[in-house]
Structures are given as C-alpha cells and as structure tokens.
1. Of the residues that sit in region 588-601 and are under 18 Å from residue 457 (Cβ atoms) and without any contact (Cβ under 8 Å) to a residue 24 or more places away in the chain, which one is surrounded by the fewest Cβ atoms within 10 Å (Cβ to Cβ)?
2. Take the residues in region 132-186 that are exposed (fewer than 13 other Cβ atoms within 10 Å of the Cβ) and under 35 Å from the mean Cα position of the chain (by Cα); name whichever of them is modelled with the lowest pLDDT.
3. In the set 233, 207, which member is surrounded by 15 or more Cβ atoms within 10 Å (Cβ to Cβ) and over 30 Å from residue 76 (Cβ atoms)?
4. Kindly list the number of the only condition in (1) over 23 Å from residue 286 (Cβ atoms); (2) modelled with pLDDT of 95 or more; (3) within 34 Å of the chain's Cα centre (by Cα) that fails for residue 377.
5. Can you find a residue in region 245-268 that is in contact with a helix residue (DSSP H, G or I) (Cβ under 7 Å, 6 or more places away or on another chain) and surrounded by fewer than 17 Cβ atoms within 10 Å (Cβ to Cβ)?
6. Please go through region 546-563 and give me each residue that is in a helix (DSSP H, G or I) and either without any contact (Cβ under 8 Å) to a residue 40 or more places away in the chain or surrounded by fewer than 21 Cβ atoms within 10 Å (Cβ to Cβ) (or both), ordered by number.
7. Based on what the data block shows, is residue 223 closer than 30 Å to residue 125 by Cα and assigned to a helix (DSSP H, G or I)?
C-alpha cells in the first residue's frame with residue numbers, strides 16, 4: 001500500500017503531538033527538580049514541535065498563550081514574541097475569539113479531545129484541541145490546526161447554501177459559481193440564470209448617496225488576498241429596482257499554496273436597521289412634526305457659523321399666531337397642519353443653506369449667514385405675506401416676525417438672537433388687536449359660508465331673544481348682550497363635519513355626541529377674544545334644560561344663566577317656525593303650544609310666558 005508524502009507528514013505530526021500529550025499527561029511520581037522539567041520541555045519543543053509544518057500552540061489554565069510554533073506564527077501572521085502572554089480576545093476578532101474560548105473551556109471541563117471548524121481569512125480549517133497537564137499541576141489546552149480536505153468542501157458548500165444570509169461564490173475571473181436562496185431573493189436572479197454570468201451583472205452595488213463612490217469589494221479581495229468588509233453605505237440594486245442596505249464581508253477562496261481561486265460574498269439585508277439608525281440620527285437634530293431642524297441643532301450651528309467670514313449674520317424669529325385657538329376649535333391635527341404649512345413656506349422662501357429650526361411650540365428661528373439686514377427684512381415680509389394667503393380650517397395664517405443682524409465680529413451672537421426675539425414680540429403686541437379681530441371674523445365667515453341657513457337662523461334667533469328680553473323687562477345692557485349671544489350661539493358648529501352640522505340637533509342618533517360638542521367649542525372661541533369673552537358662558541348653556549337633562553353640564557333650573565335660558569326658547573321657536581331641510585315650518589301658535597308642553601322639563605316657565613305674550617297675545 002502506497003503512502004503519500006503528505007500522509008507520512010501527517011502520521012509523523014500525529015506521533016509528535018501524541019508524544020507531547022503523553023509527556024504532559026504523565027503525573028509526576030518522583031520528585032524531580034522543576035528546572036530540569038523545564039529544560040526537558042524546552043528540548044522537546046526545540047527538537048520536535050519547531051520542526052513541524054502544522055500550526056501548534058499551547059495555552060495555560062487562564063487560556064493565555066504560552067507557546068506557538070513557527071507554523072502557527074505564519075498562520076496568525078504574528079510573531080511568538082507578540083502572542084505569548086495574550087489571549088484570543090487580544091489577537092482575534094471578537095466572533096472568532098468567542099468561539100475559540102468556548103471550545104477551550106469544553107476541553108478543560110471534559111478533559112477530552114475536542115474538534116471544531118474554524119474560519120480564518122476566508123479559509124476553513126479543522127482545529128483539534130486536547131488537555132495538557134502543565135508543569136505547575138494545572139491543565140492547559142493544546143491545539144493543532146489542519147486545512148479542510150477536498151472531500152469536505154461539498155459539506156461546507158451545502159452549509160453556505162443553507163444559511164440565512166445571502167451567499168455568492170465567484171471564480172478568479174469574477175464568474176458566478178453559486179447563489180443561495182437568500183441571494184436569489186435579494187438580487188432577483190435565480191441561481192440557474194446567474195451562474196456563468198459576471199458578478200457585476202447580478203450583484204449591482206451603489207452608494208446610498210448619489211455622489212458617493214463604491215470600492216468594488218470583490219476586486220479588492222483579489223488584489224490583496226485578504227477579507228474585506230462591505231462599505232457601510234453600500235446598497236444592492238435588485239433586478240426589479242428594489243434597493244437593500246447591505247452588511248457583511250467578502251473573503252478569498254485559496255488553495256493550500258495560498259493562491260486565490262475565487263471569493264465568497266456573504267451579505268445580509270440591514271435596510272430596516274439602517275433606516276432606524278438614520279431615523280434616530282435625523283430625529284436627534286430635527287423636529288419630528290415639521291422636518292425642520294430642532295433647537296439643539298440651531299444653537300450648535302449658531303456657534304459654528306458665528307465667524308468673521310460669515311458676517312453679516314442675520315437672525316429671524318417667527319411666532320405663529322392662532323395655534324392655541326386652532327387646537328381648541330379644530331383639534332391638534334389642525335394645529336399640526338398649521339405648523340407644517342408655515343414650515344413649508346419658511347423652506348420655500350429661504351435659501352438651501354439657511355438654517356431653519358422650530359424653536360419652540362409655535363416659534364421658529366432662521367439663521368442667515370452672509371445676509372444684510374435689508375435682506376432679512378425682505379425674507380420676513382415674504383414669509384408673512386405668503387402665509388397670510390393660507391387658511392387652515394377657519395383660521396387664517398398669520399406669523400409675527402422679528403429680525404436682527406450682526407455686523408461686527410465682537411458683537412455677541414446671543415444678543416442678536418435676543419434682539420430679534422424682542423422685535424418679534426413688539427410686532428406681535430402691536431398687531432394683536434387687528435389680528436384677533438381678523439381671526440374672529442374669519443371664523444364667523446367660514447361658518448356662514450358653509451352653512452348659509454345658519455346665518456338666517458342666527459339673525460332670527462337674535463331678534464326673537466331680544467323681544468323676549470324686552471317683554472321680561474330686562475335692562476338695556478342685558479337685552480343687547482342676549483341679542484349678541486343669540487347671534488353667535490351656534491358658532492361652535494364651525495368645527496363640526498358639514499353633514500352633522502346640517503342635521504336636526506334635537507334628534508338623538510349616532511352623531512348626537514358630536515353635535516353636543518358645539519356649545520363647548522363655541523365657548524372656547526368666544527372666550528379667546530376680548531370682545532366676546534362675556535358671551536362665552538351664555539353660549540355654553542344654551543342647550544341646558546330646566547330639569548337638568550340638557551348638555552353639556554347638566555345644569556338645572558336657575559343654575560343655567562338666564563340669558564342662556566332665553567336663547568334655548570328663542571332658537572327652538574325659530575327652528576320650528578322656519579323651513580328646514582329635514583321638515584317644513586309650522587305656525588307660530590303651533591310652535592308655542594309645542595314649547596308649552598315642555599315647560600318645567602325643557603324650558604323656564606317665565607320665559608315661555610314672555611314668548612307667548614309677545615307672539616300670540618300681542619300678535
């Protein structure tokens with residue numbers, strides 16, 4: 001039977017290693033001086049292990065290296081002088097070190113041989129580990145490493161095909177030899193279609209940024225014969241145009257002589273992880289609602305751009321009027337829409353390099369390097385004019401603007417910012433009266449534009465309530481007040497859906513609860529303006545009932561304001577005597593009879609009596 005030179009070397013190597021194991025495994029049965037043992041150990045190392053071509057190493061009980069032979073030095077590419085005393089975590093990558101530590105501990109615990117597979121620099125090896133009885137009486141770990149034989153390569157190929165990451169194998173010319181199922185899904189190419197094609201046709205990589213440049217990792221591996229990590233900004237473009245953020249590496253496939261015969265690419269889709277990371281990075285410097293920069297970023301840029309070459313530097317501070325009112329009337333979604341709209345206008349008017357930030361709840365700040373004061377004024381005016389053309393629900397867009405400019409290097413930029421804010425507040429104060437009046441008129445116009453019948457109902461209810469109040473001998477002040485409140489009693493309907501607001505508010509159905517909100521919204525609107533604040537409570541109570549079964553507070557009898565009780569009777573009288581989309585009008589006499597049937601439950605008897613005297617007894 002013929003034995004190859006390689007087989008002879010393997011047999012001799014095994015004998016040498018077995019000799020090492022036996023030597024270190026023999027228990028000391030006689031007292032021999034420690035120095036003599038060390039000399040015999042060194043002689044054994046010098047005579048046998050150093051002559052081996054198979055990498056061999058020894059570790060102590062702490063799993064630190066105490067010996068490596070020349071072949072192991074070449075294997076790691078590190079001299080023994082730099083390895084002795086270190087452990088695997090100090091010379092290997094973390095993943096490999098963790099795996100090596102696990103098998104080392106298994107050897108120490110079981111006191112038996114342990115074989116394991118080891119991936120090193122793109123090649124697969126088989127390591128055999130065994131317990132060593134050290135000179136100090138403790139056990140260490142001995143290891144020798146062998147290349148995987150050709151007959152095992154099929155097993156590793158099957159492993160590559162089955163793993164969850166994408167795997168592609170190419171030859172030295174870049175021709176694809178294998179794609180696993182994950183790689184098929186990600187590239188959009190089947191293995192049958194891809195095999196035989198150049199990898200650049202199937203494995204299309206781009207940089208996530210248009211201007212970015214990608215270094216071909218496969219070409220780099222062929223040039224250096226070493227493993228390469230994929231660039232963190234690499235994206236794979238699939239056959240259908242879909243893009244994936246990638247992560248992982250390319251390793252060379254080498255023969256026993258170290259010649260590169262191809263490469264294996266292992267990659268995974270990290271799109272979700274990348275997007276989450278980018279989202280976290282974005283949110284750390286941006287406002288999540290508007291997409292503009294946040295205050296933290298603005299303050300950092302204020303310091304960074306505060307240089308002489310950026311002079312003059314202008315700062316604009318803007319405050320959005322009516323945000324609270326919008327939130328109160330239409331809800332926070334409408335308020336958010338208001339903020340997004342003004343943000344769009346800031347972005348449209350300003351230059352791409354200007355720093356625009358949401359400074360606070362309804363405040364915005366703009367940093368304008370190399371910008372004169374007159375230009376800051378022009379930008380402020382254009383933002384204000386453009387926003388005034390916008391209308392969110394029933395609220396007209398308005399923003400108060402203040403600006404200031406730094407011309408001299410010694411000026412404190414913080415003072416410039418403060419001055420811009422002061423100017424903004426001054427303008428806001430001066431415009432407050434006119435802005436408030438304009439906002440109120442816009443709300444009323446919106447209501448009566450969308451619901452023309454409400455305008456007629458408001459006027460008629462105001463007239464009826466005024467007559468009832470005079471019949472009750474109320475003061476002129478109260479007559480005027482109930483007339484105004486009656487005219488505005490349904491202003492809260494501006495926040496209702498058009499279909500709901502057009503319904504009969506006395507019919508209980510699935511929209512009843514939403515209809516019940518309109519006195520509350522009306523209260524909020526009237527309470528927000530100086531000239532209507534005294535009417536807010538009257539409007540809030542106009543749907544309360546004498547027996548306490550009304551809404552929104554369930555007040556009973558005289559707990560409800562008197563003028564609210566008058567509006568309850570007056571608006572009901574007009575509702576019944578007017579044609580509606582849901583029914584025809586009835587006569588005044590019929591309406592009064594209907595109202596009288598609800599005296600003591602719905603309505604105040606005194607007020608119903610005044611209504612009857614006004615419209616029946618006196619015609």
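The values are calculated or read from the model by the stated rules, or taken from the named source; none is laboratory data. Predicted, not measured: the structure shown is a model, and the values here were computed from it. Cβ sites come from the backbone with ideal geometry, for glycine too, and all protein chains shown count toward neighbours.
1. 594
2. It comes out as 162.
3. 233 is the lone residue from the list that is surrounded by 15 or more Cβ atoms within 10 Å (Cβ to Cβ) and over 30 Å from residue 76 (Cβ atoms).
4. Failing condition for residue 377: (3).
5. no
6. 557, 558, 559, 562
7. In short, yes.
Conditions (1) under 29 Å from residue 389 (Cβ atoms); (2) touching a helix residue (DSSP H, G or I) at 6+ places or on another chain (Cβ under 7 Å); (3) part of a helix (DSSP H, G or I); (4) at pLDDT below 90, marked per residue:
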residue: 423; (1), (2), (3), (4): yes, no, yes, no
residue: 430; (1), (2), (3), (4): yes, no, yes, yes
residue: 433; (1), (2), (3), (4): yes, no, yes, yes
residue: 437; (1), (2), (3), (4): yes, no, yes, yes
residue: 461; (1), (2), (3), (4): no, yes, yes, no
